[in-house]
Each structure stands twice: as C-alpha cells, then as structure tokens.
Amino acid sequence: MSFKQIGRKLQLAREEKGMSQEQLARALGCSQSALSNYEKGKRRLYLSHLEKLSEILDKPLEYFMENNRPPVEKEHLLGGDRSDQFLHLINIIYQLSDEQIREVLSYIEYIKWKEKRGGQ
Amino acid sequence: MDFSLNTRQKELVEMVRELVNSEIKPYLVSSSASGFDWELIRQLAVHNLVCPTVPEEYGGRGLDRLTMALLMEEIAAAHPGVAAVIAATLHAVEPILLAGSNTQKEKFLPELTGKDAGLAAFALTEASGGSDLSIMRTCAVRKGQGFYLNGSKDYVINAPIASWIAVIGATSMEQKKASMRVFLLEQNSKGFSIVRQRETSGLDYAPIGEISFENVFIEEDNVIKGQKAGSGYLLLTQTFDRGRAMVGAISVGIARAALETALEFAENRVQFGTSIKNHQAVAFSLADMATRVEMARLMTYKACWLIDQGGDYCKASAMAKVVGSEIAQQVTCAAADILGARGYEKGSLIEQLVRDARVLSTIEGTNNIQRAVIASQL
Ligand SMILES: Cc1cc2nc3c(=O)[nH]c(=O)nc-3n(C[C@H](O)[C@H](O)[C@H](O)COP(=O)(O)OP(=O)(O)OC[C@H]3O[C@@H](n4cnc5c(N)ncnc54)[C@H](O)[C@@H]3O)c2cc1C
C-alpha cells in the first residue's frame, strides 16, 4: 500500500459518491490541484486528511489503507499487464451458467478467506 | 519574501548559543566526558529546552519548527550528540502532538519539560531492516482494554534512558501498514527490556540501544488513535516528513562548526610566509564550504516554514535532509583537509565532527529512501 494506491482509492470513493474534484476539495478545505495531487499520489495524505475524507466519503479509514487492489475499471481491464489472463478468464466465465458462476464466486471467496487466515 | 528573523527568535538564538558554548561545547571532545551524561541535558532543561515544541499548556515553550531549527543548529554546532538526543525526543512527541488525546498529552508531554525534564525515544527500526516496513515484525494483539506487544527494535536513540518510547507495531502481519499503530510504552513496563547498548562510531554521547518487548501490556489509553487501524502508518510518515527537516538543521550546525574551525585555523596558520587563507586554493575551499552551509540552511528553513504554514512539506523536508547530510559530510572532510595533520588527530574537534556527520545520511530514513520519496512526488 503506497500513497499512489491510497490516492487511487480516494478517487474511486469520490466517484462512487458522485462528487467532482472541486466539490471534494471544497469540503476538505484544500485547492483542487492539491486534491488532484492527492489522488495521483504526488502529495501525501496524512491522518487528519484521511479522517476528514473518511467522514465526507462514508468510508472507514481501513478502506484507504488496506492492501487490496482497487476494483478494475472497464477501460483498464484489457489494457493492463494481465490483460491476456483476464481475457482468458472472461471467456471461460462467459460459457458458464448462472449457477456455475455462483459456484466460482464462492470458491474465490474461500481462496480469499484462506489467504487471510494466517494473520490475526 | 522576508528572510529576517523576529526579535524573539534572535534573542533565543543568542541565549542558546551562549549557553551551549559555555556549558555544553567544552564536553564534546573532552576525554573525561565520553558517553551519555544527564548533566548536559540538565543545562538545557534549566531553560526548558529539552523538548521546546511541546505546547505551553503542557509545560513546554510551544516553539514552531523554524524557531526549533534555529536552536537545533546552535545545539548541533556545539555538540552533535546532544542534538541527536534532543532530536529523538522531538521525534517521539510528534505523533502525540499530531493526533494524541488530551489524556495522552497530559500524561506524556509534561515529562519532557521543565527543570527535571526526561527524554523520549522513537522506535521503528528492527534488526531485519529500517527501510522496508513490510518486513517489520513487532506485533500487537488486542486483548481486553489494550494490546499485548511482542517484538524488538534496534538502534533506537535514547532507548536505554527514555521515560517513554513511541513504538511502531502492527496488529496484522498480513496488512502491516493498514494495521500499524503508535504505542506509548513506559520505561518500567513489565516485559520490556534493554537487550544491549550499541557502540557507534559517531554521536558517542547518544545512548543507542536494542530493546525487546515480551507480552508487554499497553492499555488502550496509551495507544494513539487506538481504535483506528492504519493510523500508525499515516502518523509515522508525517512524523518522518516533519523530523527530516530537523536532520537538516543538525547538519547545518555540524557543517557550520567545521567551517568556523577551518576558517580560524586558516587565518592563523602560516605557510610560505603568509596565512594559508591567502592561498587561493584554501580560500576557495572555504568559500565553497560557506556556500554549502548557506544552501543547507536555506533548504532547512524552507522545509520548516512549509511545516509551520501547513503547506506541502514532504518533498522539501526530504530535500533538506539529503542536501544537509551530504553537505555536512563534504564540509567536515574539507575542514579536516585544511587542518592538515591536526584534522586527523584522535580527540580533535574536526575528527569528532567528521564521525558525527557520517551518520546523517543514514538516520531518519537513508538518503536513498529520501530520493525515492522525492521522486514519487515529481
Ligand atoms: C546512530 C543511529 C541512530 C539511529 N536512531 C534511530 C532511532 O532513534 N529510531 C529508529 O527507529 N531507528 C534509528 N536508527 C536506525 C536508522 O533509521 C536505520 O539504520 C535506517 O533507517 C536504515 O535502516 P537499516 O540500517 O536497516 O538499513 P537497510 O534498510 O537494510 O538499508 C541498507 C542499504 O540499502 C539501501 N536501500 C534499502 N532499500 C532501498 C531502496 N528501496 N532503494 C534504494 N536503496 C535502498 C539503504 O539506502 C541502505 O544504503 C538509527 C541508526 C543509527 C546508525
């Protein structure tokens, strides 16, 4: 988890809330260019900023801090380094029934649970 | 743009310069005074200068960063080891100043103020590494009204003598950064021990130690933002971003002391019928030293000014640390050259300053790490 990742999550949370950079900047009490730099990871977000952002965007602090990849956006899905893998997966899933897709999702949940079990 | 200092700043600098020159500097290279001695800290404590950034309501002087940097330059110019001990204390209080509760402020800050002021420490580095936080092992498990802390920290300034230590630990080894917190550990806590005192090649005065925690119980009231996982990482980065400017100030102090020593020597040393300062090569070396000291000073002031204004200080602070530490190393070595054989003599002022400057590119995040921070913001 880097400041770039925190910034990316901030952007996603802002978009989810339907706010523009200007609106969020005003609510946070900073300039729009500062907010843009926060989102790009070019300026560090400290605790007091993130506490305020958590409130404005209705997200817990952990949302910004946890080391999970932010959801992929449609336009990034096939443009990234793992696009071949993703395309292959999508093609397989495309052939499945709704029931089979539910089974695949529950297996994915199990894999994620197994991964988390190690720590406290 | 106004580069002038205000009357209060000028008077404070004057007072501290006089104090450290008469009461502290004589012990820098004195053979009878190696290693930590509370007496030098007491000299500062009499004037409430052990942790002057503590707000007045908690017993401190409530100094801003720029004024603190001015004083730090004076302390470092007189005795870099004492400056390191003070800087470590300033570093430890930063998370409390930034996000501590009133109860934490009332409990931990007054201990570092007044005539009987104690010292504090900031413990992040572990044997496995100081740069890479993802391999940190100090772990805390929540139980009842607090946390059980296990692990160890190394190379911690003041650890053996601190009244309390700000320890960085994580509650999940899987999501370390997202679960980090700042734990305020009291020296007499059960399960806390000093494993060894480290001998270092410079900053001989500063007590530096390896410490360990075995099921040390820390009540929630002594954990900064205890309810908020991840607060520790954000506080840690902000503390470093503010603290690095102070390494800049220590660097300026060390470099200035070396320059003053070299200048005085060059004026009095006669070779080829004239003072060596009249030889252009020596004069140019002194000119470069003075220029560099000023460069480091201005970058430190800018970083401190940005901190005081609540601006974007991360990059400026990292730059002040890189430039300051490298300049301190260059200037102390250049001064040693001007002093000839005397610059290589064990127990001489310059020899001490060269050794003290050496560590500045490592502490508070190595200069490579600073460059990574600066690059990430370009
Ligand atoms: C005198 C002294 C006082 C100290 N005081 C304290 C203290 O009070 N509290 C505390 O917590 N710690 C303290 N430290 C520890 C100090 O902060 C660490 O030594 C420092 O952060 C480097 O960690 P390390 O020694 O484990 O080196 P490592 O992290 O192992 O680094 C070794 C080398 O690899 C380089 N490196 C590592 N990662 C990268 C990268 N990604 N890119 C480029 N280069 C890299 C480093 O720059 C360095 O040159 C002190 C150290 C000393 C010597």
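The values are calculated or read from the model by the stated rules, or taken from the named source; none is laboratory data. Predicted, not measured: the structure shown is a model, and the values here were computed from it. Note that we place each Cβ from the backbone using ideal geometry, even for glycine, and neighbour counts take in every protein chain shown. For the accessible areas, the whole protein counts, side chains as well, though only heavy atoms, and no ligand, DNA or RNA atoms are used. Shrake-Rupley method; radii C 1.70, N 1.55, O 1.52, S 1.80 Å.
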Any residue on another chain or 5+ positions along whose placed amide H is under 5 Å from the amide H of B:G146 is listed here as B:E220
Flagged links, alpha-carbon separation over 23 Å, of A:K9/B:K176; A:K52/B:K228; A:K17/B:K176; A:K4/B:K228; A:K4/A:K59: A:K17/B:K176
Which one, B:P52, B:W38, B:S376, projects farthest toward the positive side of the charge dipole computed for chain B from Cβ point charges (K/R +1, D/E -1)? B:S376
By per-residue mean of other Cβ atoms within 10 Å, what is the highest-first order of B:207-219, B:157-169? B:157-169, B:207-219
Students often forget the sequence filter, so: which aspartates and glutamates lie under 12 Å Cα-Cα from B:K315 once same-chain residues fewer than 8 apart are removed? B:D241
At most 13 other Cβ within 10 Å, DSSP loop - chymotrypsin sites (Phe, Trp or Tyr not before Pro), region B:265-327: B:F272
Helix axis angle, B:349-358 relative to chain B longest principal axis, alpha carbon, degrees: 40 degrees
Span from the region B:228-245 Cα centroid across to the region B:146-161 one, whole angstrom: 17 Å
Sequence neighbours fewer than 8 away in the same chain don't count; with that in mind, list the lysines whose C-alpha is under 18 Å from B:K190. B:K143, B:K153
If you plug each phi of region B:263-272 into the Karplus form 6.51 cos²θ - 1.76 cosθ + 1.60 with θ = phi - 60°, what whole-Hz ³J(HN,Hα) values come out, in order, with x for Gly and Pro? 5, 4, 5, 5, 6, 9, 7, 9, 9, 6
Residues other than B:K225 with Cβ under 9 Å of its Cβ, Lys/Arg counted +1 and Asp/Glu -1, net out at +1
Solvent-accessible surface ranking, highest first, for A:L87, B:L185 at 1.4 angstrom: A:L87, B:L185
With a 1.4 Å probe and all protein chains kept in place, how much accessible area does B:H79 have, in Å² rounded to the nearest 10? 10 Å²
I need the shape label for chain B. Rule: rounded when a/c is under 1.5, else prolate if a/b > b/c, else oblate, with a, b, c from the alpha carbon gyration tensor. prolate
By accessible area of protein heavy atoms, probe 1.4 Å, what ranking do B:R61, B:R142, A:R44, B:R137 get, highest first? B:R137, B:R142, B:R61, A:R44
Quick one: compute the contact order of chain B, relative version, from alpha carbon pairs under 8 angstrom and 6+ residues apart, as a percent. 16 percent
Once phi for every residue in region B:201-208 is put through the Karplus expression 6.51 cos²θ - 1.76 cosθ + 1.60 (θ = phi - 60°), the whole-Hz ³J(HN,Hα) values, with Gly and Pro written as x, are 7, x, 6, 3, 5, 6, x, 10
What angle, in degrees between 0 and 90 and rounded to the nearest 10, separates the Cα long axis of helix B:314-338 from the longest principal axis of the Cα atoms of chain B? 40 degrees
Accessible area of B:M15, 1.4 Å probe, to the nearest 10 Å²? 60 Å²
Can you give me the Cα centroid spacing of region B:88-103 and region B:323-378 in angstrom? 29 Å
Taking the Cα centre of chain B as the origin and placing charges on Cβ (Lys, Arg +1; Asp, Glu -1), which of B:C314, B:A249, B:L70 is farthest toward the positive end of the dipole? B:C314
Across B:E174, B:E18, B:E294, the residue with the highest GNM fluctuation in chain B (Cα network, 10 Å cutoff) is B:E174
List every residue whose amide H lies under 5 Å from the amide H of B:A123, counting only residues 5 or more places away in sequence or on a different chain, with H placed 1.01 Å from N in the peptide plane. B:A166, B:V167, B:I168
Heavy atoms of A:R82 accessible to a 1.4 Å probe, total area in Å² rounded to 10: 100 Å²
Counting Lys and Arg as +1 and Asp and Glu as -1, each charge on the Cβ, what is the dipole of the protein assembly as shown about the Cα centre in debye, to the nearest 20? 640 debye
Prolate/oblate/rounded call for region A:3-65, Cα gyration tensor, a/c under 1.5 rounded: rounded
Show that you can apply the helix-only estimate: for chain B, add -39,500 (n - 2.57) for every DSSP H stretch of four or more residues, divide by all residues, and state [θ] at 222 nm to the nearest 500. -16000 deg cm²/dmol
Net charge over other residues, Cβ less than 13 angstrom from the Cβ of B:C333 (K, R count +1; D, E count -1): -2
B:R198 long-range amide H proximity, modeled H, under 5 Å: B:I208, B:G209, B:E210
Give me the angle, in degrees from 0 to 90, between the Cα long axis of helix B:80-99 and the longest principal axis of the Cα atoms of chain B, rounded to the nearest 10. 40 degrees
Cβ-based net charge around B:G81, under 9 Å, with every Lys or Arg adding one and every Asp or Glu removing one: -2
Table column - 3J(HN,Hα) (Hz), region B:34-42, Karplus curve with 6.51, -1.76, 1.60, x for Gly and Pro: 10, x, 5, 8, 4, 4, 5, 5, 4
